[in-house]
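Notes for the one structure printed next.
Derivation of every value follows stated rules applied to the coordinates shown; laboratory data play no part. In this text the structure is predicted, and so the values were computed from the model without any measurement. Note: ideal-geometry Cβ built from the backbone for every residue, glycine included; neighbour counts use all protein chains shown.
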Amino acid sequence: MYHPRTVKESDMSIGITDSQPLARTAAAPGFREVPARWCNILTRLPEPVPPALDAPCLPAEPAAGAGGGPADRRSALELLAAIRLRAMLEQDASRAPWIDIPGEVRERYAEMGRPTPLMRARALEKHLATDARIFIKREDLLPTGSFKLNSALAQCYFARAEGAPGLVTETGAGQWGQAVAHACRLYGLRSVVFWAKVSERQKQGRSALTRMLGAEVHPSPSGETAVGRRLLGDGGDPLGSLGSAIGEAICYARDHGDCKYVSGSNLPHVLLHQTVIGLETRAQLAHAGVRADVLIACVGGGSNLGGFMGPFLEEKQQRGAELRLIAAEAATAPRLTRGELRYDHADPLGITPLTKSYTLGRDYRLPATHVGGLRQHNGSPVVGVLRKCGLLEAVAYEEAEIFAAGALFVRLEGVLPAPESCHALRAAIDVARELQGQRKNIVLCLSGSGWLDLEGYRQSLGL
């Protein structure tokens, strides 16, 4: 087992453990090992991200008792500029290669368990009879059970600095909504969450916990906003989606001046915040004298994949095929494996700006699966560039096979992955089998815990 050594603040080194988290000691305080800067992925891409294109804004509903309310003449880009945090807009536009992490945010990161451990999955390796070594980045150990807290804490910090009383957002599987509720509680902010209806119903434990943390939760589509009422009235998808929740959250922020709108995926500033994952992983591997040969992450909007792989992009472009980057997606929402690279809206009504990435089309009907975090029709333009330029491989898995991988992992290693993370785990298992006889290093991001997803496991495995 590797043990941590005393490090300088810029070193960020930490050891690798065998299936157990690294114990913190006074001699190796977490704060000193937390990255001091975020890595700006936009400056490491082989070509620029295509610019967002404007679209008509959602019209305002007529005022009650009046002949008609005034039209909102702002475009989609103008509206988002008005309802977003200024700091997030600045980070999206920045071309600085590194952006300093505020000291208070670094302290919060350390308090919540950063750096997270890098675990060697020896029992899984033995089961697979592989010569490959499998390393797991344990984002599931954070207080809310997923990597989402990395950006939620940062955005709440900036929201408080800008004097925003509250935040409104969307969520798919609920991990982001729970993280926002937790971070808002820490910073004394009001939180409102629009949650894809099918996932909110499936994940009652997480829904209850999000409410316990103080969030106002609305299953989407709802009757709370003009977007929700229109979707319900037009006979739209009653299951809801991340797209419907995005539209409702934007509409709510427009109509409630006390709430700023925040995102949990897709956008550059979210991927920026998540680079703490990849920066820590890179330092941990270097400290152990290990060089990654394969990096694997699940992909929905793209924030955990971008944050995990972004700090390795320069190495990828230097090593080429010697370093593989693999995105694991759901077969029910196969954007990268079956989608089309083109401009599309993130919401079903087309009120968001058009962004260019791989998409199934905003009219694509997403089935009711337990993989809510990957259940969306399009993703991050950053991921789109990586895929288009040939830097990113993609595989898609059915729900039954990913839950089987998660069940295997908990039996072997005592760790239960979230359904989304099971996609990365399944991909790692497949790669390890391909690499029989080769001493390669596979590193995957375990983005979330599955303890609040047991109903999905139960139904899929027939337990």
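Some points to look at:
- For region 160-306, the Cβ-based charge dipole about the Cα centre amounts to some 260 debye (Lys, Arg positive; Asp, Glu negative; other atoms uncharged).
- Extending 7 Å from Cα along the Cβ direction at Glu340 and again at Arg291 yields two label points whose distance is 4.2 nm.
- Under 5 Å from the amide H of Ala173 lie the amide H atoms of Gly373, each residue being 5 or more positions distant or on a separate chain, with H modelled from the backbone and absent for Pro and chain starts.
- Annotation: the residues Met212, Met88, sorted from fewest to most other C-beta atoms within 10 Å of their own C-beta, follow the order Met212, Met88.
- Candidates Ser199, Ala283, Leu209 compared by Cα position along the dipole of the chain: farthest toward the positive end lies Ala283, with charges placed on Cβ.
- Footprinting exposure proxy for Ser449, Ser241 (fewest neighbouring C-beta atoms within 10 Å first): Ser449, Ser241
- Think of the chain as a dipole: +1 on every Lys or Arg Cβ, -1 on every Asp or Glu Cβ, centred on the Cα centre; then among Gly163, Val383, Thr116, Thr116 lies furthest on the positive end.
- Packing-based exposure ordering (other Cβ within 10 Å, fewest first) of Cys57, Cys259, Cys156, Cys298: Cys57, Cys259, Cys156, Cys298
- Selection from Gly437, Val180, Tyr358, by position along the positive dipole direction of the chain (Cβ): Gly437
- In the chain, the DSSP-assigned H stretches of four residues or longer account for a calculated mean residue ellipticity at 222 nm of -11500 deg cm²/dmol, using -39500 (n - 2.57) per stretch and the full residue count as denominator.
- By definition, a body whose alpha carbon gyration tensor gives a ≥ b ≥ c is prolate when a/c is 1.5 or more and a/b is larger than b/c, and the chain fits this prolate description.
- For region 351-463: rounded, prolate or oblate by the Cα gyration tensor [a/c cutoff 1.5]: oblate
- DSSP-defined beta bridges in the chain - what % are antiparallel, rounded to 5: 30
- Helix 275-288 axis, angle to the chain major axis (alpha carbon atoms, nearest 10°): 0
- Shown in residue order for region 314-327 are the 3J(HN,Hα) couplings computed by the Karplus curve 6.51 cos²θ - 1.76 cosθ + 1.60 at θ = phi - 60°: 5, 5, 4, 6, 7, 8, x, 5, 5, 10, 9, 10, 10, 9 Hz (x for Gly and Pro).
- Helix 419-434 vs. the chain, principal-axis angle (Cα, 0 to 90°, nearest 10): 40
- All lysines inside 17 Å of Lys316 as judged from Cα atoms, apart from same-chain residues fewer than 8 positions distant: Lys388, Lys440
- C-alpha long axis of helix 242-255 to longest principal axis of the chain, angle in °: 50
- Restricting region 89-180 to trypsin sites (Lys or Arg not before Pro) in coil, as DSSP defines it, with at most 11 other Cβ within 10 Å: Arg95
- Charge dipole (debye, nearest 20) of the chain; +1 at Cβ of Lys and Arg, -1 at Cβ of Asp and Glu: 760
- Fully extending the segment from Arg201 to Glu455, taken as 0.36 nm per residue of separation minus the present Cα-Cα distance, adds 90.3 nm.
- Global form of region 149-263, assessed from the alpha-carbon gyration tensor, a/c cut-off 1.5: oblate
- Taken about its Cα centre, region 225-348 carries a charge dipole of about 200 debye when Lys and Arg each add +1 at the Cβ and Asp and Glu each add -1 at the Cβ.
- The HN-Hα couplings worked out from phi for region 197-211 by the Karplus form 6.51 cos²θ - 1.76 cosθ + 1.60 (θ = phi - 60°) are 4, 5, 6, 4, 6, 6, 10, 5, x, 5, 4, 4, 5, 4, 5 Hz, whole numbers, x standing for Gly and Pro.
- Given their separation in residues at 0.36 nm each and the Cα-Cα distance between them, Arg229 and Glu434 gain 68.8 nm when the chain is fully extended.
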